[in-house]
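Below is one structure, written out as structure tokens; the observations come after it.
The values are calculated or read from the model by the stated rules, or taken from the named source; none is laboratory data. This is a predicted model, so every value here is computed, not measured. Every residue, glycine among them, receives a Cβ derived from its backbone with ideal geometry; neighbour counts consider all protein chains shown.
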Amino acid sequence: MQLTLTLSRASGMQLFLLVSSLLLWEKVASKPTAIVSTDDLYHCLVEQSHNTFIMAADVYREFDINFAKRSWMKDRILPLCHTASIHTPENLEEVHEMKTEDFLNSIINVSVSWKEPLKHLVVCSDCSSGASVSMGKKAVDMKDKNLIILEGLQTLYNRTQAKVEENFENFDYPAWSGLKDLDSSDEEHHLFAICNLCRCVKRDIHKIDTYLKVLRCRVVFKNECGVSTF
């Protein structure tokens, strides 16, 4: 018996975009980022950042469902994220005024600020009672993808500079000081710290995703695209 698979036009386009994305990522992943074209690097970083944001949103949603509705959690005031001091554009006027290299610098500062916290989020996801296996896996994937994004961002940034930066020592990123609360033996302090971490990583990865799309529009498409997030 012959089976015929019929795809709607919309489904066929989604499949085409998915396959194209995978092929592009395989093409880039098979090369050192230093020899990947700027256009391809932007396309792949946007794909990576968008997927990472989806995972961050899923992790935050799961935490919210499992933990955040506890009565004591509702009475607490959420503190500022540790990246709040990093200057990033907040409206279209600031976006247009910011130079590409300064834009990349800001995004790198946000991304590198999450290297250490994401390591600890992975540990907490594995050891927290009530956290699913899926939540732990997504935390690991977020940590790994952030490093991939960071490597690509550094490559793009270096292409705007006369002097190549080999590491992040010259970037002005804020230190994270939330480990004490995260390691607290008090369950309320511990869970509240995880809640804040999940909330902030979702917020910041959304920023990275949005800003990469803005820069891709500027650099790759010469501003001939619609980015209306601001």
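Computed quantities for the displayed model
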read-out: Tally of residues being polar (S, T, N, Q) and in contact (Cβ under 8 Å) with a residue 40 or more places away in the chain across the stretch 175-222; value: 2
read-out: Given (1) surrounded by fewer than 15 Cβ atoms within 10 Å (Cβ to Cβ); (2) at pLDDT 90 or above; (3) outside any helix (DSSP H, G or I), index of the condition residue 167 fails; value: (2)
read-out: Qualifying residue in the stretch 52-64 (condition: within 25 Å of residue 177 (Cα to Cα), within 19 Å of the chain's Cα centre (by Cα), assigned to a loop (DSSP other than H, G, I, E, B) and among the hydroxyl-bearing types (Ser, Thr, Tyr)); value: no
read-out: So residue 72, is it within 30 Å of residue 157 (Cα to Cα) and modelled with pLDDT under 80; value: no
read-out: The one condition in (1) assigned to a loop (DSSP other than H, G, I, E, B); (2) under 16 Å from residue 119 (Cα atoms) that residue 185 fails to fulfil; value: (2)
read-out: Unmet criterion (only one of (1) under 20 Å from residue 81 (Cα atoms); (2) loosely packed, with under 13 Cβ neighbours inside 10 Å) for residue 225; value: (1)
read-out: Flag for residue 35 being modelled with pLDDT of 85 or more, exposed (fewer than 14 other Cβ atoms within 10 Å of the Cβ) and out of contact with any Phe, Trp or Tyr (no Cβ under 6 Å at 6 or more places or on another chain); value: no
